[in-house]
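Remarks on the structure that follows.
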Amino acid sequence: MEVTGRLIQVLPLQTGQGKNGEWKKQDIILETEENPPKKLCIGFWNDKINSDLIEGSTLKVSFEIDSREYNEKWFTNLRGWKLEELSSIAGIINPASEKFSTGISNKNKDFPDFESDLPFDNEILPF
């Protein structure tokens, strides 16, 4: 299966020792683009972990659904196997640059020491 959404949170890395050796697991929380949006917890194991993720980024995640029974209760996991970063929040807003990704200047010409990120900073509003 595949889902696209915004990365809400990267949970702490989990490690352990099993009968087959050491294992690592990294869970991420993804908010889907559906209406209404849904939050999914997707786990990545061992070599599938990506440590360069930035919260707020838009990701496309391929995963499989796995259910198992334990003590007469069923548990379902989403196990990620491929992750593609579609856009990064770091590439959209760079406060050190004079322009945002929209191309609108963040300098207010009337107040040279005042910086604004509002797209209408030089317009007169009819209030």
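Every number here is computed from the coordinates shown, using simple stated rules; none is lab data. Remember, it's a predicted structure, so these values are computed and weren't measured experimentally. Note: ideal-geometry Cβ built from the backbone for every residue, glycine included; neighbour counts use all protein chains shown.
Per-structure values
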| read-out | value |
| --- | --- |
| Zone of ARG68's modelled label, taken as backbone nitrogen in region 9-24 under 19 Å from a point 7 Å along Cα→Cβ | 14-24 |
| Filtered GluC sites (Glu not before Pro), region 1-53: DSSP coil and at most 15 other beta carbons within 10 Å | GLU33, GLU34 |
| Charge context of TRP23, other residues only, Cβ under 15 angstrom, K/R +1, D/E -1 | +2 |
| Compactness relative to 2.2 N^0.38 Å, alpha carbon Rg of region 2-92 | 1.16 |
| Positive minus negative residues near SER57 (Lys, Arg vs Asp, Glu; Cβ under 15 Å) | -4 |
| Local net charge near ARG6, Cβ-Cβ under 15 Å (Lys/Arg +1, Asp/Glu -1) | -3 |
| Sequence of ARG6, ARG79 once ranked by neighbouring C-beta atoms within 10 Å, starting from the fewest | ARG79, ARG6 |
| Label-point separation in nm, SER87 to ILE8, each point 7 Å along Cα→Cβ | 2.0 nm |
| Lys pairs under 30 Å by Cα in region 1-73, provided they are eight or more residues apart or on distinct chains | 20 |
